[in-house]
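Trainee: Starting off with a structure, shown below.
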Amino acid sequence: FAALVDPDPWVRYFAAGSLGQRRDADAASVLTGVAVTDAAAHVRIAAFHALGALDPDRAVPLAERALGDSAVDSDEDMVGAALAAIAGARTTRADELLDRAVRSASVTRRGFAIDALASRPTPATVDALAWAARIPDPHHVAAAAVSALSTVASAVGGDACRKAVGAVIDVG
């Protein structure tokens with residue numbers, strides 16, 4: 001944990017990543033602070049990714065903040081890391097935030113949301129991806145949404161899988 005407060009931002013970056021890879025659950029609370037307060041954006045992004053591996057539910061309020069309107073919190077790379085971090089969260093608030101991001105005016109933000117949704121086989125995911133697949137501009141975002149729907153459809157069973165198959169057929 002001492003490396004997370006090292007003066008060198010690259011030491012902090014690798015420390016955050018290492019804690020996520022080691023699945024050190026005790027690190028989640030410290031990483032939450034790093035994701036919010038570290039001066040270096042790449043360190044905050046690494047902390048988000050580690051939180052996603054350790055405790056995605058803990059990342060939900062941080063993702064909500066990252067999706068905010070202030071200039072610092074609206075950095076697209078930070079938003080992407082926050083959305084990826086909450087993809088595994090069990091709360092419906094994560095579904096709401098991902099849906100909000102996929103409907104964003106920002107093409108980059110929509111792309112990040114689609115990437116996160118592809119790993120989240122829930123009925124709410126299918127609804128968000130089906131909506132994104134029907135928006136023709138830009139074409140690559142709709143194609144990514146269809147691909148993500150296919151990924152959800154090929155997941156092992158469940159309501160979301162059946163619903164995704166129906167959405168892929170409907171969009172096609």
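Trainee: Gaussian network model of the chain, Cα springs within a sub-10 Å range: biggest mean-square fluctuation belongs to which of V107, V152, V34?
Mentor: V107
Trainee: With a/c under 1.5 counting as rounded, go ahead and sort the range 1-74 into rounded, prolate or oblate using the C-alpha gyration tensor (a ≥ b ≥ c being the square roots of the eigenvalues; past the cut-off, prolate if a/b is larger than b/c, else oblate).
Mentor: Details: a/c = 2.27, a/b = 1.23, b/c = 1.85.
Oblate shape, in that a/c is at least 1.5 and b/c is the bigger or equal ratio.
Trainee: What residue among G68, G52, G17 shows peak mean-square fluctuation when the chain is described by a Gaussian network model with Cα springs under 10 Å?
Mentor: Judging by the Gaussian network model, the answer is G68.
Trainee: How much mean residue ellipticity at 222 nm does the chain get from its helices, if each DSSP H run of length 4 or more adds -39500 (n - 2.57) and you divide by all residues, to the nearest 500 deg cm²/dmol?
Mentor: So the calculated ellipticity at 222 nm is -21500 deg cm²/dmol.
Trainee: In degrees, nearest 10, range 0 to 90: what is the angle between the Cα axis of helix 92-102 and the longest Cα principal axis of the chain?
Mentor: 80
Trainee: Continuing with this model, one more query. Please give the contour-minus-distance gain from A40 to Q21: 0.36 nm per residue of separation, less the Cα-Cα distance, rounded to one decimal in nm.
Mentor: In short, 4.8 nm is gained.
Trainee: Would you mind classifying the range 30-119 by shape? Square roots of the alpha carbon gyration tensor eigenvalues, ordered a ≥ b ≥ c; an a/c under 1.5 is rounded, otherwise it is prolate if a/b is larger than b/c and oblate if not.
Mentor: oblate
Trainee: How high is the FRET efficiency between R103 and V11 when r is their beta carbon distance and R₀ equals 45 Å, given to the nearest 0.05?
Mentor: After rounding to 0.05, the efficiency reads 0.70.
Trainee: Using a Gaussian network for the chain with springs between C-alpha atoms less than 10 Å apart, which of these wobbles most: P56, P136, P121?
Mentor: P136
Trainee: Can you pull out the trypsin sites (Lys or Arg not before Pro) in the range 71-132 whose DSSP state is coil and whose Cβ has at most 12 other Cβ atoms within 10 Å?
Mentor: Within the range 71-132, the qualifying trypsin sites (Lys or Arg not before Pro) (loop, at most 12 other Cβ atoms within 10 Å) are R90.
Trainee: Helix 56-66 sits at what angle to the longest principal axis of the chain, using alpha carbons and giving 0 to 90 degrees rounded to 10?
Mentor: Helix 56-66 sits at roughly 90 degrees to that axis.
Trainee: Where Lys and Arg each count +1 and Asp and Glu each count -1, what net charge lies around V11 among other residues with Cβ under 15 Å from its Cβ?
Mentor: On the way: positive: R12, R44; negative: D6, D8, D38.
With Lys, Arg at +1 and Asp, Glu at -1, the neighbours total -1.
Trainee: Also, I was wondering about something else. Using DSSP to call loops (not H, G, I, E or B), can you name the chymotrypsin sites (Phe, Trp or Tyr not before Pro) in the range 1-84 whose Cβ has at most 12 other Cβ atoms within 10 angstrom?
Mentor: Listed in order of number, the matching sites are F1.
Trainee: To test your reading of the geometry: what angle, between 0 and 90 degrees and rounded to tens, separates the Cα axis of helix 76-86 from the longest principal axis of the chain?
Mentor: So the inclination is approximately 80 degrees.
Trainee: Could you list log10 I(q)/I(0) for the chain at q = 0.08, 0.10 Å⁻¹, which the Debye formula gives when each Cα is one point scatterer?
Mentor: For the chain at q = 0.08, 0.10 Å⁻¹, log10 I(q)/I(0) is -0.25, -0.38.
Trainee: Still on this structure, please answer the following. Where does the charge balance sit around A128 when Lys and Arg score +1, Asp and Glu -1, over other residues with C-beta under 12 Å from its C-beta?
Mentor: Taking every other residue near A128 into account, the sum is +2.
FYI, it's all coordinate maths here, none of it is from the lab. Quick caveat, the model's predicted, so the values are computed rather than measured. In this analysis, Cβ positions are derived from the backbone assuming ideal geometry, glycine residues included, and neighbour counts consider all displayed protein chains.
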